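Just below is one structure, and these are the notes that go with it.
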Amino acid sequence: MKTLRSTFLVITLIAWGFSPANAQDLIYVAVEPCRVADTRDSSMGIVRAGTNRNFRVTGSAEDLADQGGRVECTNPKGEESPAAVAAYIIAVPPENSSGNGVLAAYPSDQPVPEAGSGSTVNFRKDQVVGNTTIATICSGDECPSDGELAVLARVSDQHVVIDVQGYFYSQKAAPGYAVVELPFAGVNRRSITVEARCPSGKNVLSGGANLVNSSWIMDGTYPSPDRAGWRASFKTPGDTFSVAGTVWAICATLQ
């Protein structure tokens with residue numbers, strides 16, 4: 001699998017245990033998107049409502065076959081364990097979809113996240129939808145043997161597809177690297193777009209956002225047109241008009 005240079009990493013959620021503060025101590029290595037799991041092709045089948053399943057984020061094609069992986073997904077730093085992955089996690093409803101639901105990704109050595117603590121993918125009945133997310137993962141000898149990344153199907157049966165796009169490693173970032181956070185809040189609105197701006201002389205490398213109010217959904221997350229900031233748009237499908245959260249930008253010195 002070829003390692004690629006990446007200009008933008010699209011991040012749609014600050015995962016459990018991952019924040020802009022500790023992002024500054026990590027280095028990101030992008031790879032060709034690699035399908036490590038697809039429960040539609042797995043002998044274990046669908047993830048049942050109210051249950052979680054562990055997934056490997058690297059391995060040979062043989063290692064990943066039991067979770068529906070299709071090709072070899074090599075750790076670009078060999079024996080060094082990644083601290084987190086950038087992954088496109090897709091919710092695919094079964095033919096007899098059991099309703100709206102939530103997928104939550106988290107390290108496999110941690111307790112199941114409490115209800116309302118956040119989500120990786122929100123979906124409606126029969127909707128196929130995915131989010132690119134940073135997901136912290138288990139690392140070290142204490143990790144479960146069946147995988148470093150856990151995914152919970154909170155309220156409905158759901159097939160899960162995971163495409164890894166890159167790996168984060170615990171190393172000091174290069175000089176000129178900065179993270180900017182922007183808390184926000186809004187009331188009496190059905191939608192909101194917020195932008196975190198980089199300091200002068202820096203370009204945005206990536207970014208992300210999280211929500212305090214989980215009844216809202218993310219409508220998009222992307223670099224600003226001038227590449228000097230990171231934007232996130234949110235909307236509410238219901239009658240809850242107040243929203244609060246944080247948008248953040250990872251910035252690098254202009255070359």
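The values are calculated or read from the model by the stated rules, or taken from the named source; none is laboratory data. Keep in mind that this is a model prediction, so the values were computed, not measured. All Cβ positions, glycine included, derive from the backbone under ideal geometry; neighbour counts span all protein chains shown. Each accessible area value is taken on the protein alone, full model and side chains, heavy atoms only, with ligands, DNA and RNA left out. Shrake-Rupley method; radii C 1.70, N 1.55, O 1.52, S 1.80 Å.
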When the stretch 210-255 is checked residue by residue, the ones that are of a type in the set (A, V, I, L, M), touching a Gly at 6+ places or on another chain (Cβ under 9 Å), open to solvent by 30 Å² or more (accessible area, probe 1.4 Å) and over 22 Å from SER200 (Cα atoms) are LEU211, VAL212, ALA244
Give me a count of the residues in the stretch 124-138 that are open to solvent by less than 20 Å² (accessible area, probe 1.4 Å) and either in contact with a Pro (Cβ under 7 Å, 6 or more places away or on another chain) or aliphatic (A, V, I, L, M) (or both). 5
Output for the stretch 150-171, where each listed residue is over 14 Å from the mean Cα position of the chain (by Cα) and more than 24 Å from SER60 (Cβ to Cβ): ALA153, ARG154, VAL155, SER156, ASP157, GLN158, SER170, GLN171
Say whether the condition of being hydroxyl-bearing (Ser, Thr, Tyr) and buried (at least 18 other Cβ atoms within 10 Å of the Cβ) is met by at least one residue in the stretch 186-202. no
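For the stretch 102-119, which residues satisfy the criterion of being modelled with pLDDT of 75 or more and either under 19 Å from ALA244 (Cβ atoms) or under 17 Å from the mean Cα position of the chain (by Cα) (or both)?
VAL102, LEU103, ALA104, ALA105, TYR106, PRO107, SER108, GLN110, VAL112, PRO113, GLU114
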The residue that is nearest to ILE250 (Cα to Cα), considering only those in the stretch 144-164 that are out of contact with any Leu (no Cβ under 8 Å at 6 or more places or on another chain) and open to solvent by less than 20 Å² (accessible area, probe 1.4 Å), is VAL164
Keeping to the stretch 47-106, report how many residues are touching a helix residue (DSSP H, G or I) at 6+ places or on another chain (Cβ under 9 Å), part of a loop (DSSP other than H, G, I, E, B) and among the basic types (Lys, Arg). 2
Is it the case that ASP141 is modelled with pLDDT under 80, surrounded by fewer than 19 Cβ atoms within 10 Å (Cβ to Cβ) and in contact with a Pro (Cβ under 9 Å, 6 or more places away or on another chain)? no
Looking only at the stretch 63-80, and only at residues there that are farther than 13 Å from PRO33 by Cα and small (Gly, Ala, Ser), the one that is surrounded by the fewest Cβ atoms within 10 Å (Cβ to Cβ): GLY78
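Could you run through the stretch 128-149 and say how many residues are under 12 Å from the mean Cα position of the chain (by Cα) and in a strand (DSSP E or B)?
Filtering the stretch 128-149 for residues under 12 Å from the mean Cα position of the chain (by Cα) gives 130-137, 149.
Then drop every residue that is not in a strand (DSSP E or B), which leaves 130-136, 149.
Total satisfying the criteria: 8.
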